[in-house]
Amino acid sequence: MAYALRSLSMTIAFERRGTGRPLLLVHGLGSTRHGWTTLFSKLEASRELVLIDLPGHGASPTEEDSHTFEGLARSLSEWLVSEKLVGVPMVGSSLGARLVLELARRGSTGPVVALDPGGFWQGWERTWAGSTLLASTNLVRAIRPAIPVLSRNPVSRSALLAQLSAKPWALDGDFVAGELIGLARTRTAKGLIRDLTRGPAQGGPAASGPITIGWGRHDHLCIPAQAERACRAFPGSRMVWFEHSGHFPMWDEPNATADLILEAT
């Protein structure tokens, strides 16, 4: 059974669903808590999923510093305290993966699974990530009325998601439409892109629980070479490759992703 909640003291909208030990899921830039839909059926049978919309995303309003990584980390840290969730296992994707790594560094988590985390770009990779993300944001905002139709067509869907998915033609069109519209609606997207690609790299080391880092072999946003840097930043972390995945393993290999999360948390 799913039910929507809203913290009385913080700006983060959230939802709980499933039964079992709590597991916090943190989405990426431009997504919402619905970005984890592909994993629900396997995870909620044995975990109580705590699904959030980061500030400035989905149903969560924007705070003054929500256009920065540090601002999101602050909001999430304070929310964890307010909801008595400090120390729970966490899973993050992309920006969300970097956030759960940062919370682990601060000692605020249990076991962590970080899927293709940002924060490990160097040199030209920063320029590439920033320019392509800004271009994608501008594009989805310009074509927003047409997104539902384009997302249902395998050819146009593949063109729109070429950087993010290893097999975009196989994804559900309605799910893709929701993700793209979410990016178009994200009020802090451009500010976050600038901050993430121009700011300091993610620091370590891990300070709270075991860390598993998952990476898609065909990630064209956070290229696979960055995985080694992530592991160096968090000594003792475990590296797992998704051989048939792009930037979002829960899109391209949902069963393998769910199995890894259940095993690691």
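Which of the residues spanning the range 121-152 are closer than 24 Å to His244 by Cβ and open to solvent by 70 Å² or more (accessible area, probe 1.4 Å)?
Within the range 121-152, Trp128, Arg152 qualify.
Exactly one condition in (1) part of a loop (DSSP other than H, G, I, E, B); (2) more than 22 Å from Leu23 (Cβ to Cβ); (3) of a type in the set (Lys, Arg) is false for Lys84; which is it?
If we test Lys84 against (1) part of a loop (DSSP other than H, G, I, E, B); (2) more than 22 Å from Leu23 (Cβ to Cβ); (3) of a type in the set (Lys, Arg), just (2) comes out false.
I'm checking my understanding of the structure. Among residues of the range 199-214 that are at pLDDT 90 or above and polar (S, T, N, Q), which one is nearest to Glu102 (Cα to Cα)?
Gln202
Yes/no per residue for (1) open to solvent by 20 Å² or more (accessible area, probe 1.4 Å); (2) free of Cβ contacts under 8 Å to residues at least 24 places away in the same chain; (3) more than 16 Å from the chain's Cα centre (by Cα):
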residue: Ala201; (1), (2), (3): yes, no, yes
residue: His218; (1), (2), (3): yes, no, yes
residue: Ile223; (1), (2), (3): yes, no, no
residue: Gln226; (1), (2), (3): no, no, yes
residue: Pro235; (1), (2), (3): yes, no, yes
residue: Trp241; (1), (2), (3): yes, no, yes
residue: Ser245; (1), (2), (3): no, no, no
residue: Met250; (1), (2), (3): no, no, no
residue: Leu262; (1), (2), (3): yes, no, yes
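Under 7 Å between Cβ atoms, at least 6 apart or on separate chains: pull out the pairs that start in the range 178-190 with a residue that is more than 10 Å from Ile147 (Cβ to Cβ) and open to solvent by less than 30 Å² (accessible area, probe 1.4 Å) and end on any residue that is at pLDDT 95 or above and in a helix (DSSP H, G or I).
Qualifying pairs under 7 Å: Ala189/Thr137; Ala189/Leu183.
For the list (1) at pLDDT below 95; (2) under 23 Å from Ala258 (Cα atoms), I need the number of the one condition that Gly107 fails.
All conditions pass for Gly107, except number (2).
Considering only the range 67-86, I want to know if a residue exists there that is under 16 Å from Ile261 (Cα atoms) and surrounded by fewer than 24 Cβ atoms within 10 Å (Cβ to Cβ).
no
Name the residue that is surrounded by the most Cβ atoms within 10 Å (Cβ to Cβ), counting only residues in the range 153-175 that are assigned to a helix (DSSP H, G or I) and charged (D, E, K, R).
Arg157
Select from the range 116-145 the residues that are outside any helix (DSSP H, G or I) and touching a helix residue (DSSP H, G or I) at 6+ places or on another chain (Cβ under 9 Å) and write down the one among them that is farthest from Asp252 (Cα to Cα).
The extreme case among them is Gln122.
Output yes when any residue across the range 103-115 is assigned to a helix (DSSP H, G or I), without any contact (Cβ under 8 Å) to a residue 24 or more places away in the chain and crowded, with 21+ Cβ neighbours inside 10 Å, and no when none is.
No.
Starting from residues that are open to solvent by less than 10 Å² (accessible area, probe 1.4 Å) and in contact with a Gly (Cβ under 9 Å, 6 or more places away or on another chain), keep the ones in the range 32-43 and report whichever is farthest from Asn255 (Cα to Cα).
That would be Gly35.
The values are calculated or read from the model by the stated rules, or taken from the named source; none is laboratory data. Quantities reported herein were computed from a predicted structural model and do not represent experimental measurements. No Cβ is skipped: glycine too gets one built from the backbone with ideal geometry, and neighbour counts run over all protein chains shown. In case anyone asks, the SASA skips ligands and DNA or RNA and just uses the protein heavy atoms, side chains included. Shrake-Rupley method; radii C 1.70, N 1.55, O 1.52, S 1.80 Å.
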